[in-house]
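Input: a single structure, listed below in structure tokens.
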């Protein structure tokens with residue numbers, strides 16, 4: 001990653017996405033009524049996106065300065081991606097209360113907090129408050145999971 | 001006077017105890033979340049959207065008005081006291097505001113910013129009232145071809161004014177349009193860009209876009225830069241008030257900032273960030289105290305703060321008058337209208353005057369409430385900055401999950417928002433602007449719809465559609481916006497200046 005120009009990598013990824021959109025666009029069935037087929041705009045978006053990828057690549061190859069980036073703190077970043085994905089996947093099956101409380105405590109630690117007791121108390125109170133606000137106060141149901149509430 | 005009667009009707013709606021309460025809750029929450037670093041108005045509204053689900057539309061929009069103005073006020077507090085502003089429109093406030101705070105003049109900086117925001121917010125709401133009514137009278141004459149053309153203007157403007165690289169902004173806009181087109185086509189009932197995934201049939205909601213691209217990406221960003229996080233906070237010394245001299249220096253800046261902010265904000269695509277940078281540049285040029293700029297000039301806080309609050313009012317002109325959002329924040333507001341099955345624009349003024357005028361009246365009230373909340377009570381908001389950052393950012397993820405889930409009660413949306421969060425992080429890291437994506441998601445289906453309805457009007461003749469007089473003029477403006485970044489760059493190169501580059505910084509608001 002470090003030796004490559006991120007804008008060139010970006011251009012390639014954008015081109016791939018553009019091709020996927022074009023493929024999705026042209027395969028949209030046209031029911032035959034209406035003046036403009038539903039396939040037109042998605043295909044156009046894909047084609048223009050492909051053009052933007054070429055433009056970006058040309059700019060980069062002509063020596064446009066690559067974006068300045070700081071090195072990523074790999075450990076907290078990697079753990080955050082994993083814990084966030086796990087939380088969002090567990091949100092419905094485990095329910096709001098269990099998944100969110102566990103996530104808050106774990107995520108605070110990932111982000112450098114070393115006050116386990118304080119974080120645990122704060123997390124439980126915060127989740128309880130959110131639960132009361134949404135489920136009791138605003139009657140917006142949140143997933144229960146295995147808990148009875 | 002029809003306007004006065006409408007406004008009085010609006011106040012009658014807004015002043016009912018329940019609606020006053022909603023406006024109050026709105027400004028409180030908006031300010032609270034706006035104070036937190038890294039959270040701008042678009043995200044504030046997205047995160048708080050579920051709170052309004054159980055309200056009637058009038059109450060919900062009154063609360064939104066409060067959240068919207070509150071979030072704009074809240075950002076300035078952070079940019080004065082902390083060297084990391086809460087939202088991009090306040091970046092320029094930090095230039096002189098943080099310097100003032102370091103010199104022990106935080107009180108004066110906060111006061112000029114709060115009073116300036118009040119003056120600007122009030123003037124902008126008057127402007128909104130006048131210009132939106134004028135626009136509405138004209139807008140009923142506009143057909144699908146003209147609406148299509150106006151949306152193209154909005155997209156071109158956002159594309160050309162955001163970010164530092166044109167192809168990157170173009171990509172961001174197209175990504176938004178593509179995301180907006182996913183799902184069932186409402187004219188033919190065909191599925192588009194769903195790639196066989198049933199859950200995508202309903203489309204990708206702009207709220208998912210805002211939460212993924214702004215909230216989760218912000219948490220990922222914090223985690224990725226954990227070790228380089230370095231925050232200095234200044235405390236407020238003395239009362240939050242100004243000396244007579246400071247007041248005298250602030251007044252003209254407030255008025256200039258209000259004017260610049262409102263008109264820039266009313267242009268589709270030009271954001272509060274641009275308004276605040278322009279105001280700063282103008283204040284610096286006309287000031288008798290040029291040497292103080294960058295070292296704590298009060299005009300450098302008064303002007304931009306007025307400008308970014310006036311821009312918030314300006315943004316509402318195209319949204320209420322035409323039903324077309326010109327910024328990421330108003331795009332999210334449009335989505336909120338759509339959740340209630342309402343389409344802002346000229347028709348809404350006749351079908352739901354209670355809602356439109358109730359919203360406008362409540363904006364006046366929100367401004368008064370915010371002045372009270374921000375002058376004597378500013379210390380209370382500053383305490384929010386004491387929340388430990390690890391808990392704060394973890395909490396943002398939890399609230400994001402609630403917001404996403406409560407939208408459709410659909411587990412798949414949580415996956416979509418995660419993917420968008422990763423995309424948002426990568427885009428932020430490699431300098432792709434995020435504002436155009438949000439606008440694209442909302443405008444995608446609207447552009448498609450108006451294009452196709454316009455083509456039906458002209459029997460499929462695209463050229464005939466684009467050469468209707470009004471359409472041609474509007475598209476000419478779009479072309480101008482597309483040429484503008486090149487012109488700015490050439491101008492900048494000729495003058496060897498860098499502040500113009502700052503003008504085109506991304507605006508997630």
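The values are calculated or read from the model by the stated rules, or taken from the named source; none is laboratory data. None of these values were measured; they are calculated from a predicted model. Backbone-built Cβ (ideal geometry, glycine too); neighbour counts: all protein chains shown.
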### Task
Might you check whether a residue that is crowded, with 23+ Cβ neighbours inside 10 Å, closer than 30 Å to residue A:33 by Cβ and more than 10 Å from chain A (Cβ to nearest Cβ) occurs anywhere in the stretch B:423-442?
yes
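Which residue, of A:90, A:85, A:106, is at the interface with chain B (Cβ under 9 Å from one of its Cβ atoms) and within 18 Å of the chain's Cα centre (by Cα)?
Details: A:90 fails: at the interface with chain B (Cβ under 9 Å from one of its Cβ atoms); A:106 fails: within 18 Å of the chain's Cα centre (by Cα).
None of the other options fit; the residue is A:85.
To keep it simple, each residue is scored yes or no on (1) more than 14 Å from chain A (Cβ to nearest Cβ); (2) under 20 Å from the mean Cα position of the chain (by Cα).
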position	(1), (2)
B:315	yes, yes
B:333	yes, yes
B:337	yes, yes
B:360	yes, yes
B:372	yes, no
B:385	yes, no
B:390	no, no
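Could you pull out the residue among A:45, A:26, A:35 that is without any contact (Cβ under 8 Å) to a residue 24 or more places away in the chain, within 7 Å of chain B (Cβ to nearest Cβ) and touching a helix residue (DSSP H, G or I) at 6+ places or on another chain (Cβ under 8 Å)? Talk me through it step by step, then tell me what you get.
Details: A:45 fails: without any contact (Cβ under 8 Å) to a residue 24 or more places away in the chain; A:26 fails: within 7 Å of chain B (Cβ to nearest Cβ).
It is A:35.
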### Task
Could you list, in sequence order, all residues of the stretch B:163-192 that are modelled with pLDDT of 90 or more and within 7 Å of chain A (Cβ to nearest Cβ)?
B:167, B:168, B:170, B:171, B:174, B:177, B:178, B:181
### Query
(1) assigned to a helix (DSSP H, G or I); (2) more than 10 Å from chain A (Cβ to nearest Cβ): which one isn't true of residue B:452, the others all being true?
(2)
### Task
Go through the stretch B:21-56 and give me each residue that's surrounded by fewer than 24 Cβ atoms within 10 Å (Cβ to Cβ) and within 14 Å of residue B:359 (Cβ to Cβ).
B:55, B:56
### Query
Restricting the search to the stretch B:283-292, which residues are at pLDDT below 90 and in contact with a helix residue (DSSP H, G or I) (Cβ under 6 Å, 6 or more places away or on another chain)?
B:287
#### Entry: Complete set of residues in the stretch B:194-210 that are crowded, with 24+ Cβ neighbours inside 10 Å and within 11 Å of another protein chain (Cβ to nearest Cβ)
none
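Is it the case, given these coordinates, that residue A:65 is within 22 Å of residue B:221 (Cβ to Cβ) and surrounded by fewer than 20 Cβ atoms within 10 Å (Cβ to Cβ)? Step through it out loud before you land on a result.
Numbers: within 22 Å of residue B:221 (Cβ to Cβ): yes; surrounded by fewer than 20 Cβ atoms within 10 Å (Cβ to Cβ): yes.
The answer is yes for residue A:65.
Does the stretch B:201-246 hold any residues that are without any contact (Cβ under 8 Å) to a residue 60 or more places away in the chain and touching a helix residue (DSSP H, G or I) at 6+ places or on another chain (Cβ under 8 Å), and which are they? Spell out how you get there, then give the answer.
Initial filter on the stretch B:201-246 (without any contact (Cβ under 8 Å) to a residue 60 or more places away in the chain): B:201, B:225-228, B:230, B:244-245.
Across the stretch B:201-246, the qualifying residue is only B:226.
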### Criterion violated by residue B:96 - all others in (1) in contact with a strand residue (DSSP E or B) (Cβ under 8 Å, 6 or more places away or on another chain); (2) buried (at least 24 other Cβ atoms within 10 Å of the Cβ) satisfied
(1)
### Summary
With the first residue restricted to the stretch B:251-264 and required to be more than 18 Å from residue B:125 (Cβ to Cβ), and the second required to be at pLDDT 90 or above and not in a helix (DSSP H, G or I), Cβ contacts under 9 Å at 6 or more apart or on different chains are B:253/B:298
